[in-house]
Amino acid sequence: MTILVLGGTGKTGRRVADRLTALDLPVRIGSRSSVPAFEWTDRATWPAVLDGVSAVYVSYYPDLAFPGAYDDVKAFTELAVSRGVRRLVLLSGRGEPEAQASERTVEESGLEWTVVRCSWFMQNFSEDFLLDSVREGVIALPAADVPEPFVDVDDIADVAVAALTQDGHAGKLYELTGPRLLTFTQVAQELSEATGRRISFVRVTPEEYVAAAVGQGFPRGQAESLAAMFTEILDGRNANVADGVRQALGRPARDFADFARANAHVWEV
């Protein structure tokens, strides 16, 4: 039976899909460009992607903390149940009350569910979101310089694939973090050491962040929602390390320093 990967072209989804393909498992990508196409904003596209599907990886775009996410996840989960899906793995966010509401609707679905609740991605610095900022030498965010246990997306993908394909993960909530806490200033220092260039962190106001994001082509509504999310969540509430990677996989989580060294070439200018 086919495994559906929603957000299969995104940071976590494409890694999950690649791993499943390497295991010679039938995979269907859920994205706007796939056939059949899938869009969270168009519920008419949902039934077709669920045909013949036994398990689903659910990654909500842009984030479970955004308005409308709970209603979408609830409706999609109910549809998945009605279409015979057996197993569902939900990508969730740490410290996000809205995300935890979506977790509950999955947990109450009757499916074999697994929740993968994650901290801030290390790959936010190397792919898309903050890549140009690191290359330019200034990470500017509307966030307090608080400790965060940054997690490697490859660890997330490994846990998700295990939950999708192996027994023993149903009914589990895995909190995934890296092995240590780093402030954004410390992240900038580690990136500086890895690249041999000076990289710094600057705290900006939400208004300044929105203006810069819109100037780079982000829709204003999305930029404002991101700014609000960063301001709320990056306040120290997640300043603790969890052991979900080891619980799920029996190995330690990847450290930020290893990630930075491995990706130093990405930030070359």
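The values are calculated or read from the model by the stated rules, or taken from the named source; none is laboratory data. This structure is a prediction, so every number in the text was calculated from the model and none was measured. No Cβ is skipped: glycine too gets one built from the backbone with ideal geometry, and neighbour counts run over all protein chains shown.
Quick check on segment 239-256. Is at least one of its residues among the basic types (K, R), farther than 30 Å from T165 by Cβ and either touching a residue at least 60 places away in the same chain (Cβ under 8 Å) or not in a loop (DSSP other than H, G, I, E, B) (or both)? No, there is no match, as no residue in segment 239-256 is among the basic types (K, R), farther than 30 Å from T165 by Cβ and either touching a residue at least 60 places away in the same chain (Cβ under 8 Å) or not in a loop (DSSP other than H, G, I, E, B) (or both).
Figure legend. Inter-residue proximity from segment 124-139: first residues under 14 Å from R203 (Cα atoms), second residues of a type in the set (F, W, Y), beta-carbon distance below 9 Å, spacing 6+ or different chains. Indicated pairs: S133/F125; V138/F201; I139/F125; I139/F184; I139/F201.
Residue-by-condition table, conditions (1) within 19 Å of the chain's Cα centre (by Cα); (2) part of a strand (DSSP E or B); (3) among the β-branched types (V, I, T):
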site	(1), (2), (3)
D155	yes, no, no
G168	no, no, no
L173	yes, yes, no
R198	no, no, no
Y209	no, no, no
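Quick grid of which residues meet (1) surrounded by fewer than 16 Cβ atoms within 10 Å (Cβ to Cβ); (2) under 24 Å from D155 (Cα atoms); (3) at pLDDT 95 or above; (4) touching a His at 6+ places or on another chain (Cβ under 9 Å):
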residue	(1), (2), (3), (4)
G168	yes, yes, yes, no
Y174	no, yes, yes, no
E193	yes, yes, yes, no
V202	yes, no, yes, no
M229	no, yes, no, no
I233	no, yes, no, no
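In segment 13-47, the qualifying residues are those that are in contact with a strand residue (DSSP E or B) (Cβ under 7 Å, 6 or more places away or on another chain) and among the charged types (D, E, K, R), and the one that is surrounded by the fewest Cβ atoms within 10 Å (Cβ to Cβ) is R32.
Rundown of residues vs (1) loosely packed, with under 14 Cβ neighbours inside 10 Å; (2) under 16 Å from A140 (Cα atoms), yes/no style:
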| site | (1), (2) |
| --- | --- |
| T205 | yes, yes |
| Y209 | no, yes |
| G217 | yes, no |
| E224 | no, yes |
| R237 | yes, no |
| G244 | no, no |
| Q247 | no, no |
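Within segment 131-148, restricting attention to residues that are touching a strand residue (DSSP E or B) at 6+ places or on another chain (Cβ under 8 Å) and in a loop (DSSP other than H, G, I, E, B), the residue that is nearest to A223 (Cα to Cα) is P142. Of the strands (runs of 3 or more DSSP E) lying entirely inside segment 1-117, those containing at least 3 residues that are touching a residue at least 24 places away in the same chain (Cβ under 8 Å) and in contact with an Asp or Glu (Cβ under 7 Å, 6 or more places away or on another chain) are 87-93. Filter segment 65-93 for residues that are surrounded by 14 or more Cβ atoms within 10 Å (Cβ to Cβ) and at pLDDT below 95; which is farthest from D167 (Cα to Cα)? So, considering only residues that are surrounded by 14 or more Cβ atoms within 10 Å (Cβ to Cβ) and at pLDDT below 95, the one farthest from D167 (Cα to Cα) is F66.
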